[in-house]
Amino acid sequence: MVNAIILSAGQGKRLLPLTETRPKCMLPVAGKTILEWQIHSLLEADIDKLFIVTGFNTELVEEHINKQFSDDLARLNIIFNPFYNVSDNLASCWMAGHAMDEDFILLNGDTLFEPLLLDTVLNSPSWPVTLTIDYKDGYDDDDMRVELHASMVKSVSKALTDEQTHAESIGLLYFRENGPALFHDHLNRQMKKNDGLKLWFLSVVDLLAGQSLVRPCSINGHRWREIDFKKDLDSAENIVLPRIQPTA
């Protein structure tokens, strides 16, 4: 069995005023919301159960899921993160800890991707943590940078220097073998810290990378888009959706 956890608790303030009353995951792209495209792709990949972590305006997300996926509600689970307004995404991961008793895909709620990208990740060699990466000519301060060494991920951090940076994380990971248990254990440890609510879940992945437990999976050549700004939203249809054809 493989579960999927989608982190969709945030408002997406950098997309204001579009997100003044609806969370980022509810923004439309080519006739469907970002969340719809994600759920369709995951269901088509035969993911067993989906856990959607909500926060800002959760009622809107819940109503939308109940309406658009009425035939698949047995596979969909909504988890409300009451700390969404004062926390980063590590807390949202922690809220979904009970979904980590199986192998699972973890993805950010603002990442659009074509189904072939997901197939590449699901068919990658088994390892405790698989981090999807892509390459480009230069990396900015907003990129989650990745340092590689041989066939392993050495570090994951926005603080990496240009010299240390070899790739970027696209916000989609695959946990297998003892990876789910290790990730859950480290989440619990980090949440007990004074600054636990302010941490990214990739800080845990960075710790696991230091133990040689994280391997990269290049999805270079596949279409994807992380939607942080309006320019990302404007280009999402042209860049991502021509090769995304989920069944409605």
>> Give me the residue from segment 109-126 that is of a type outside the set (Ser, Thr, Tyr) and in contact with an Asp or Glu (Cβ under 7 Å, 6 or more places away or on another chain) and, out of that set, surrounded by the fewest Cβ atoms within 10 Å (Cβ to Cβ).
In response: PRO115
>> Going by what's in this entry, would PHE69 be described as within 29 Å of ASN194 (Cα to Cα) and either modelled with pLDDT of 95 or more or surrounded by fewer than 23 Cβ atoms within 10 Å (Cβ to Cβ) (or both)?
In response: no
> Name the residues in segment 194-209 that are surrounded by 13 or more Cβ atoms within 10 Å (Cβ to Cβ) and either within 24 Å of PRO128 (Cα to Cα) or among the polar types (S, T, N, Q) (or both), would you?
Replying inline: GLY196, LEU199, TRP200, PHE201, LEU202, SER203, VAL204, VAL205, ASP206, LEU207, LEU208, ALA209
> Which residue pairs have Cβ atoms closer than 7 Å, lie 6 or more positions apart in sequence or on different chains, and pair a first residue in segment 214-225 that is crowded, with 18+ Cβ neighbours inside 10 Å with a second residue that is of a type in the set (Asp, Glu) and not in a loop (DSSP other than H, G, I, E, B)?
Replying inline: ILE219/ASP134; ARG225/ASP232
> How many residues does segment 20-75 contain that are under 21 Å from GLU102 (Cβ atoms), hydrophobic (A, V, I, L, M, F, W, C) and in contact with a Cys (Cβ under 9 Å, 6 or more places away or on another chain)?
Replying inline: 2
>> Taking the condition of being closer than 21 Å to THR165 by Cβ and of a type in the set (Asp, Glu), how many residues in segment 200-239 meet it?
In response: 4
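The values are calculated or read from the model by the stated rules, or taken from the named source; none is laboratory data. These figures come from a predicted structure and were not determined experimentally. Using ideal geometry, Cβ is built from the backbone for each residue, glycine included, and neighbour counts are taken over all protein chains shown.
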